[in-house]
Structures are given as C-alpha cells and as structure tokens.
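Undergrad: My questions will all concern the structure given below.
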Amino acid sequence: MTVNCLMLDVDGVLVDGRPKDGLRWDHDLQKHMKIPTDVLVEEFFEAEWNDIVVGKKALLPTLAGVLRRIAPTVEANDLVAYWFKMDSRVVEPVLSDIRAARRGGISVYLATNQEHMRAAYLMEVMRLSEDVDGIVYSAQARSKKPQPEFFRFAENAVGRRPHELLLVDDTMPNVSAAQSEGWNAVHWDRTEELRTILQRHIKN
C-alpha cells in the first residue's frame, strides 16, 4: 500500500456553511449582528487574517480592536460564537467515507488553514476528534497552505513520508503545492465521492 494517510481539507470539503442551509456563515451577518459584511472583510479578513491564521496574532484581541472601530456595540466573543456556529455544517457523505476509510486501516487527519480557536472548536465542540486521527493546522504550523513549510510540518506531525500522503482540497493552488512536495493530491470539485478518490489512490 503506497498511500496510507488521508490529509483532508476542512472548509469546502468536510465542513461547508450554515447548518440549516449550507449558505456562507456571514450571509445574514448584517441582519443578526449589525455588521456590514464588506466592512468586516476589508477591516478584518483582508487586513488581519493572514497574521492570525499562521499564529502571529491572536484572534480575539485582534478582532476586538477591529470591532471597536466598525461595530463598537459588538463583543468579539459574541461574533466568534456566531461565526463558528454558522460555519459548522458537516458534509455527511464525506464524514461517512472518512469513517469507512478508518475502518479499512487508513489514517485520516484534517489538514487545514485555521487559527487556534476554530481548530479547537472543530475537534472538541463539533467532535470531529471522534472521527479523525488528528488535525494539522496553519497556526500550529506557523505556515499555511500552499506554503511548502506547511506540508513539511504536516509530514513530521503525522510521521509519514510524502508518497504515503493524499491531500484532498478544494483549493487548486494547495493541490499543486502538495504535489510539488511529493504528495499525492486531488482537487475536490464535488464531481466524485471521497470513497472513489480513495479507491483510486490506495493500492493494496
């Protein structure tokens, strides 16, 4: 067996949008939290997120500083709670295929660009820790996909060589970067089930 470890992207693959309808977490942000989405994107995600997602800045104090300027009546804790809850729809067919893969002896890790709080939320509150062997995430790695350093950190974290790893990711530059590092990698475009991808790459 060459590939023995699935490295699975989270957002857009295993987790996708709001639990009730799959829409983006911020679809009703202005209605529910009185924060214009475009302003939050510009002032927080475009200005601050790159440092947060690689662990250079902490989420809550950075977000609190932004909210003091753009929405002074909103607490950072409240926005984070809303965000995480509204971005927690688990894609059940993918989860089912993960469980089947692990029963068949394949290790499964989440390989994701996340900051520390949401990584913990995924594993503990959403209880994904019950269905995967672990998580490798960007704030932990101090680098993010598609940076080569992320993939090297991940190899060490899961104790595998590049040819043993299969990344499934919905972002093509991440797939290309993984392949450049010697990984097997597939672009997740929803045209195939995860089990089909695994069957094609795992040779007994």
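Undergrad: Looking at the range 186-195 only, could you name the residues that are of a type in the set (Val, Ile, Thr) and in contact (Cβ under 8 Å) with a residue 12 or more places away in the chain? Explain how you work it out, then say what you get.
TA: Here is the first cut: in the range 186-195, the ones of a type in the set (Val, Ile, Thr) are 186, 191.
Val186, the sole residue that qualifies.
Undergrad: Looking at the range 10-25, is at least one residue among the aliphatic types (A, V, I, L, M) and without any contact (Cβ under 8 Å) to a residue 60 or more places away in the chain?
TA: First, pick out the residues of the range 10-25 that are among the aliphatic types (A, V, I, L, M): 10, 13-15, 23.
Then drop every residue that is not without any contact (Cβ under 8 Å) to a residue 60 or more places away in the chain, which leaves 23.
Checked the range 10-25: at least one residue is among the aliphatic types (A, V, I, L, M) and without any contact (Cβ under 8 Å) to a residue 60 or more places away in the chain.
Undergrad: Still on this structure, I have one more. Being touching a Gly at 6+ places or on another chain (Cβ under 7 Å) and without any contact (Cβ under 8 Å) to a residue 40 or more places away in the chain is the filter here; which residues of the range 156-185 pass it?
TA: Hit for the range 156-185 is Pro162, nothing else.
Undergrad: So which residues in the range 27-48 are β-branched (Val, Ile, Thr) and assigned to a loop (DSSP other than H, G, I, E, B)? Break it down into steps so the answer makes sense when it comes.
TA: Taking the range 27-48 as the starting set, the residues that turn out to be β-branched (Val, Ile, Thr) are 35, 37, 39, 41.
Residue satisfying the conditions is Ile35 alone.
Undergrad: In the range 136-155, is there at least one residue being free of Cβ contacts under 8 Å to residues at least 12 places away in the same chain and among the aliphatic types (A, V, I, L, M)?
TA: Taking every residue of the range 136-155 in turn, none turns out to be free of Cβ contacts under 8 Å to residues at least 12 places away in the same chain and among the aliphatic types (A, V, I, L, M).
Undergrad: Also, I was wondering about something else. Can you name every residue in the range 114-155 that is touching a Gly at 6+ places or on another chain (Cβ under 6 Å) and of a type outside the set (A, V, I, L, M, F, W, C)?
TA: Arg142
Undergrad: Which one is nearest to Asp78 (Cα to Cα) among residues in the range 49-62 that are under 18 Å from the mean Cα position of the chain (by Cα) and in a helix (DSSP H, G or I)?
TA: Looking at the filtered set, the residue picked out is Leu59.
Undergrad: Next question. Please return the ranges of helices (runs of 4 or more DSSP H) entirely within the range 115-161 where 2 or more residues are acidic (Asp, Glu).
TA: On the way: elements: 116-120, 138-141, 148-158.
Where helices (runs of 4 or more DSSP H) fall fully within the range 115-161 and carry at least 2 residues being acidic (Asp, Glu), they are 148-158.
Undergrad: Quick one: Thr73 ticks every box in (1) hydroxyl-bearing (Ser, Thr, Tyr); (2) assigned to a helix (DSSP H, G or I); (3) in the same structural domain as Ile35 (by TED's automatic domain parsing); (4) over 23 Å from His116 (Cα atoms) bar one, so which box is it?
TA: (2)
The values are calculated or read from the model by the stated rules, or taken from the named source; none is laboratory data. Keep in mind that this is a model prediction, so the values were computed, not measured. No Cβ is skipped: glycine too gets one built from the backbone with ideal geometry, and neighbour counts run over all protein chains shown.
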